[in-house]
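What follows is a single structure, written as structure tokens, with notes after it.
The values are calculated or read from the model by the stated rules, or taken from the named source; none is laboratory data. Keep in mind that this is a model prediction, so the values were computed, not measured. Glycine also receives a Cβ, built like all others from the backbone with ideal geometry; neighbour counts cover every protein chain displayed.
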Amino acid sequence: MDVANWLISTVSRALAFGVPLLWGTLGEIYAERAGVVNLGVEGMMILGAFLAFSVTQSTGHPGFGLLCAALVGGIAALFHAFLTVTLRANQYVSGLALSMFGLGLAGLLGRGWEGKPLGNPLPSLSFPGLSQVPVLGPMLFQDQTILTYLGIVLAVLLWLLLFRTRWGVAIRSVGENPATADALGINVALVRYLCVIFGGLLAGIGGGYLSVAYRPSWTEGMTAGMGWIVIALTIFAAWDPLQAIWGAFFFGALYHLSYRLQAFLAPELLKLMPYLFAIVVLAISGLGGRRRRGRAPGALGLPYVRGER
Amino acid sequence: MVGSAQKGPAPTARPTLVSLRHITKRFPGVLANDQVDFEVRPGEVHALLGENGAGKTTLMNILYGLYRPDAGEIWVKGKKVEIRSPRDAITLGVGMVHQHFKLVLPHTVAENVALGLKGTPFFAPARAVAQRIRELSERYGLPVDPERRVWELSAGEQQRVEILKALIRGAEVLILDEPTSVLTPQEAQELFKVLLRMKEEGHGIIFISHKLDEVLSVADRITVMRRGKVVGTVSARETSKEELARMMVGREVVFRLTKAACKPGEEALLVQDLYARNDRGLLALKGVSFGICRGEILGIAGIAGNGQRELVEVLTGLRRAERGKVLLLGRDVTNRSPRFLSDLGCAHVPEERIRMGIVPGLSVEENLILKKHHRPPFCRWLFLEPRAIRAFAQRAVEEYAIMTPSLRTPAKLLSGGNIQRLILARELSGRPAVVVAAHPTYGLDVGATEQIRQLLLRQREEGAAVLLVSEDLEEIMELSDRIAVMFRGEIMGIVPAGEATLEELGLMMAGEKRVGAKG
Amino acid sequence: MRRLGPFLLEPRLSPPRSVVFGVSILAVVVALLAAAPVFLGYGLSPWQAYAKIGRGIFGSWPSFSEVLRRATPLILCGVGLTLAFRAQFWNIGAEGQLLAGAVAATGVALFLPVPEGLRLPLMFLFGFLAGAIWGLIPAFLRVKLGVNDVISTLMMNYVMGYIVEWLVHGPWKGPTMRGFAYTDAFPLSARLSYLPGTRVHWLTLFLGVVLAAAVAFLLARTRLGYEIRVVGQNPDAGRYAGINFAVVLSLVMIISGGLAGLAGVGEVAGIHWRLRSPAQVSMNYGYTAIIVAWLARGSPVASIFTALLFGLIFAAGDYMKTTLGLPFQITGVFNGLMLFFLIGFDILMFWRVRIAQREKVWTSQIGS
């Protein structure tokens, strides 16, 4: 029965740890589908984590804290959108700047909040009937907050939006071939702004989840590179919201195992596993040939300038 | 071209659909449109004729809302309008088929049509438009499958999607920018029939072209532009090819280049049963064989996307051949590196001159030694030799008449014609044995075109074997000694240029094998 | 051309150097202004704070020498990054490459039985090699498997960070260090000497300046440099010209990673005399070097000066911490802001501003 228990808790914790990755990845998928890489996910997540924590601590409302986290992520993303879409700045550099800025600012503002446990974290949901189901109950329906399920539902909805609606056609076209979308009267800049900001909102919530639900506490640099994993996951998921679910929970499991396996390996070496795996996973998908994998959006990373010389 | 679409009665009595008045548009250093007037009436095909760079496309991009004019007025159906974006143009009933199609290749036909289309449902928009696509294809004779992905379609089919896109948006005026450049002569005839049907339904069509024959055969009226200005508007029935050419170029035009008789020497390039795949992994060359002798130009005709690009890339070492052999001066060079081939004397004038032929930010002199930078006299051991580079560049700029402010000017600041001269100066210096030239005059003005054709002929006279890939049939027929036609990765036949007729080449371009053809 | 109020904006393709310089200075100044609210938040007048910092740092040689000390690793990493960026390889991994150099140097310092006189040269050699290998892996992954360079180099930073953590907590933890996560202190023969009265390990600084000049020469006057510039500006033209991208990229990353590795050697042999936790060894030098290289616009020599600027910012951070009681994280905020403004203002360089409807052309440093 030990193995079963082990498996149950691993799955349950993988879900819990995968949540911030899932939210972040869903957001990044939308930004990149519209043609904008945002390497600022790490910065947006840490700002979200800080704001969610400080607001929740001050007001006692984790929901309000998460809302503020989403807003700060969105505002940070707005800067990125302005720089890359309006000013046509290099998307990589702008995103890196955003990450540096976010990490610095959250570290600066968060000094006074360091190390205090959160009085009123986001509660876990209870499913009186479902959680009693053997194996599956504790695996999937215990100790999860609403963000776990909301994230999965959101992924499905975002998939539908992207591939089955008019907006989705517009978003994908803007990312593939902005000149064409422009010629048909799609406002390329608007679509890109909205997608990047939406990505920021989700990244902010992903960060907020860490500090008001998963930990729940605030430490400087608590995202510990999750934002970069999100960038890798976006590629790994082939820019597909449904595949992001599996990817996020797979990496959630890796993070969890890096705590669970400490009996066998030094904790520092376990902690580097997710980062090493991110490289390995991308390398393996490279091995399979890029034909089989999803292709990156055609105009990813390129600023759009209307034909004006 | 040769066929003739019937012409309706000159529709002078009807009101104009679109009227452009005194349009002026300036780009840095260029007056692209200077006080241009242009109009189109319902039920007419009004051709806009001019050489590359005359300002035709700029004018139409203004009408379609992609550029804003610096001065001038646009009137649509008797009302003065302002067109700020393509969306405005579409609302006013103006549609445009760009020369380079504006399609999202990974998406389906239906998704491309649904993009930005008003009145489609929020959910499953593609399914909703598929039905309307089928109706319209039926009505105008534009067969296309709404479920297919656009990248799977041929250029002709993609053009149909573009036309359908405009029609479904209720375009009353349809702008077609160089529509026949991607079609076989026969496909062009099909397109003309579609235009006729649209004319009958009261659409106005603006037909942009630089080809005299097709303009004469399809248009009702013809407006000729030169250097941003309108030279004049004439009725197609009352003009002649010679008059149009004179208006277009501004002087009498000789339609034949003088060319010495071909004196073929030893075989410099031999290709045997070549197979290669394209970027998508599909077979793009299926058993191509031919040979070119020194002092000979072999023209490769065909619609773009039938393996020409892959052929050029295999010959220059940029793509792997799966099977078959390439012999350069009798030596097996199959799948050798680009540097090896270039060192052996295989010059390459690339198809996309800015994307591949130059390094935009490097100076003119540095661009002139690309490919030769690793060899003496430009490089000794590991170090560059600035003095040798400068001396070579100085000579090349003079000999090839490259107009550049200085040798240190970044190449990206040169005009298209000068960039091409730079590339030719680099490739043709050092007496190459084989010159592979892909679309060498594409998009250049008449002066530069003529000069570059002369340069290729001179190479031939100096004993180089020239492979000329071009979509411009006239160019192929003028320059080549023999013409090979490619279709779906195969050579349909090789004919001596003197015996080739447009019809025969057209049939081969459409996939009909020449019986008993042998190069 | 575009109209904006009374101004006409005219695009230009290649801005003159004076404009590039002017716009860069403007970005730095605006970033300083934008950081002002932080001081206000701590109840300080930003103007007085800047003045105080200026006086504090430029007031005496020992305090000014801190700028040089901080700039040393930034020069080495920054020069390496200019080279990588010239080849269009997004080496975000200087941080990890620096740490790799530090690890190798520590290994040589503590565990390799070599003659005393050879110890330092070998530390530099192995430090270079370790950084080079750590840089080569992402290059290989990109060329062979198409792995995105930004992600792989970033991930490699985390991997190396945790390896250092592991070493200092585990196998290399100094027996004499009790509770601290340090290695033992280096023997004297493995320590770099200082400029008198300072903590500037002059040998590393000297190496940085010399190598900056060497890399500049490499780019301008050698075949490899030419090929780097071709490949970086137009990879298709590089292929067309028969340049082997894999070889060029490998050489670039050997140099780029190697230089960062040297910076790591300098930090452990010059400052700490031991390996300790990664945040203490590096203080984000590898990330800051990205801004150093970006501000230098790909010029190795210019990155000496931009590195000095960021050395100044770091020294100011130290000063603010000790004298004004402000947290060091301010430097992170400031660095982010600086990078934002730098790229945001780039667009100014590509537009020439004229006043509409007048003969006279108005030009100025900014955005002219």
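Assorted remarks:
- Tallying residues that are small (Gly, Ala, Ser), on the phi > 0 side of the Ramachandran plot and more than 8 Å from chain C (Cβ to nearest Cβ) within the stretch B:311-329 yields 1.
- For B:Tyr400, the conditions (1) modelled with pLDDT of 90 or more; (2) surrounded by 19 or more Cβ atoms within 10 Å (Cβ to Cβ); (3) within 13 Å of chain C (Cβ to nearest Cβ) are fulfilled apart from (3).
- Residue in the stretch C:249-257 that is β-branched (Val, Ile, Thr) and more than 22 Å from C:Leu154 (Cα to Cα) present: no
- Of all the criteria given as (1) at the interface with chain A (Cβ under 7 Å from one of its Cβ atoms); (2) out of contact with any Ser or Thr (no Cβ under 8 Å at 6 or more places or on another chain); (3) buried (at least 20 other Cβ atoms within 10 Å of the Cβ); (4) within 17 Å of C:Ala102 (Cβ to Cβ), the one not satisfied by C:Tyr182 is (1).
- Against the conditions (1) farther than 30 Å from B:Arg149 by Cα; (2) in a loop (DSSP other than H, G, I, E, B); (3) touching a residue at least 12 places away in the same chain (Cβ under 8 Å), A:Pro134 satisfies every one except (3).
Here's the yes/no breakdown for (1) within 14 Å of chain A (Cβ to nearest Cβ); (2) of a type in the set (S, T, N, Q); (3) surrounded by fewer than 22 Cβ atoms within 10 Å (Cβ to Cβ):
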| residue | (1), (2), (3) |
| --- | --- |
| B:Asn61 | yes, yes, no |
| B:Gly78 | no, no, yes |
| B:Val94 | yes, no, no |
| B:Ala110 | yes, no, no |
| B:Gly116 | yes, no, no |
| B:Ala128 | yes, no, yes |
| B:Ser137 | no, yes, yes |
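- When A:Gly104, A:Gly168, A:Gly112, A:Gly175 are checked against the criterion of being modelled with pLDDT under 90 and small (Gly, Ala, Ser), a single residue qualifies: A:Gly112.
- Residues in the stretch B:488-519 that are surrounded by fewer than 21 Cβ atoms within 10 Å (Cβ to Cβ) and touching a helix residue (DSSP H, G or I) at 6+ places or on another chain (Cβ under 8 Å): B:Ala497, B:Leu502, B:Glu503, B:Leu507, B:Ala510, B:Arg514.
- B:Glu82 vs. criteria modelled with pLDDT of 90 or more and within 10 Å of another protein chain (Cβ to nearest Cβ): no
- Here B:Glu450 does not fit the description of being under 18 Å from the mean Cα position of the chain (by Cα), in a loop (DSSP other than H, G, I, E, B) and of a type outside the set (Lys, Arg).
- Here A:Gly95, A:Gly119, A:Gly74, A:Gly115 are screened, and the one residue that is surrounded by fewer than 24 Cβ atoms within 10 Å (Cβ to Cβ), under 24 Å from A:Leu194 (Cβ atoms), more than 8 Å from chain C (Cβ to nearest Cβ) and in contact (Cβ under 8 Å) with a residue 24 or more places away in the chain is A:Gly74.
- Members of the stretch B:482-513 that are more than 20 Å from the chain's Cα centre (by Cα) and within 15 Å of B:Leu298 (Cβ to Cβ): B:Arg482, B:Ile491, B:Met492, B:Gly493, B:Ile494, B:Val495, B:Pro496, B:Ala497, B:Gly498, B:Glu499, B:Ala500
- Flag for C:Thr198 being buried (at least 21 other Cβ atoms within 10 Å of the Cβ) and of a type outside the set (Asp, Glu): no
- Any pair with Cβ under 7 angstrom, 6 or more apart, that starts in the stretch C:315-336 at a residue that is in contact (Cβ under 8 Å) with a residue 40 or more places away in the chain and ends at one that is among the hydroxyl-bearing types (Ser, Thr, Tyr) and buried (at least 19 other Cβ atoms within 10 Å of the Cβ): C:Asn335/C:Thr288
- The helices (runs of 4 or more DSSP H) located wholly in the stretch A:160-265 that include 1 or more residues which are free of Cβ contacts under 8 Å to residues at least 24 places away in the same chain occupy A:166-176, A:178-183, A:188-209, A:241-260.
- Comparison of A:Met273, A:Met222 shows that the only residue that is modelled with pLDDT under 95, away from chain C (no Cβ under 13 Å) and surrounded by 16 or more Cβ atoms within 10 Å (Cβ to Cβ) is A:Met222.
- If only residues of the stretch B:330-356 that are charged (D, E, K, R) and at the interface with chain C (Cβ under 7 Å from one of its Cβ atoms) are counted, the one that is nearest to B:Ser429 (Cα to Cα) is B:Arg339.
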